[in-house]
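What follows is calculated from the coordinates using simple rules that are stated; it is not laboratory data. This one's a predicted model, so the numbers in the text were calculated from it and none came from an experiment. Heads up, the Cβs are rebuilt from the backbone with ideal geometry, glycines too, and the neighbour counts pull from every protein chain shown.
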Amino acid sequence: MTKRITVAIDGPAAAGKSTLARRIASKLGYTYVDTGAMYRAVALWALRTKVAVSDMHRLEQLAKEARIEFKPGTNAVLLNGEDVSEAIRAPEIAGAASEISRIPAVRRELVHKQRAMGEQASVVMEGRDIGSVVFPNATVKIFLDAEPQERSDRRARESALPAEVVAEQIHERDRRDRTRNESPLVQAPDAVYVDTTGLSIDEVEAALLKLIRDRTSNGKERTN
Ligand code: DC
């Protein structure tokens, strides 16, 4: 029987996780799971229904009830059947997602959903705690990073906001993600650290595919 493969990619904001995880999943025929989009979807639902980021009980309920789906073969994220792919990318949603991701009960609910996805199929899952908490036994763990200046330059190119504002937002979000008590962003001890500073997407993709293929045999987990 072929074992399911779990590729865990963690790292700070704008390190290139989403772009690379999506490309690698497509090359290997695995399911791509963007866990940041799941925190963003719950944050969007909370903002729309005027649930305060301090209302832990209601937020836990939203996280539990949220039906979050990734439409195969597209980049679409569905929340309770609605395509929210664009809505969850608004800057205020990034901030709210980082806030609600500090709440242990919200994390518990979303981690539960993430593990269920990993049980159904081979996945490339990216986020902040995938190798450390969600799948401590992942087949391959990658910690993707880049120098802060390069990360804010990359994000600024995709944004209408001034570069200094983007840099400040990323800095603040990283600080919050790294210092929270519950599942902070950390590199798992057995994760491979990949610094993408100065590398093209193609170069990083080739390096990651090699890492994954070295640990698996033709996309199947090695048994020896
Ligand atoms: O990767 P992203 O920027 O879409 O993530 C949005 C926020 O969600 C981010 O600030 C931290 C949080 N997050 C998390 O705490 N754990 C994850 N596995 C993924 C994202």
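With the simple model of a label 7 Å out from the Cα in the direction of the Cβ, residue 164 to residue 26 spans 3.8 nm.
Overall, the chain carries a charge dipole of about 720 debye about its Cα centre when +1 sits on the Cβ of Lys and Arg and -1 on the Cβ of Asp and Glu, all other atoms neutral.
Could you rank the peptides 40-46, 118-124 by their average count of other C-beta atoms within 10 Å per residue, with the highest value first?
Result, highest mean Cβ count within 10 Å first: 40-46, 118-124.
Bridging of residue 64 to lysines at a Cα separation below 26 Å is possible for 17, 50, 113, once same-chain residues fewer than 8 apart are set aside.
Summing Lys and Arg as +1 and Asp and Glu as -1 over all other residues whose Cβ lies under 11 Å from the Cβ of residue 205 gives a net charge of +2.
Put simply, the C-alpha atoms of the stretch 36-121 give a gyration tensor, and the ellipsoid matching it has half-axes of 19, 16, 10 Å, longest first. For the options 110, 208, 161, a Gaussian network treatment of the chain with springs between C-alpha atoms closer than 10 Å singles out 161 as fluctuating the most.
Each peptide among 6-16, 98-108, 61-71, 192-202 gets the average number of other Cβ atoms lying within 10 Å of its residues, and from highest to lowest they stand as 6-16, 98-108, 61-71, 192-202. In this simple spin-label model, placing a label point 7 Å from the Cα along the Cα-to-Cβ direction at both residue 210 and residue 76 gives a separation of 3.8 nm.
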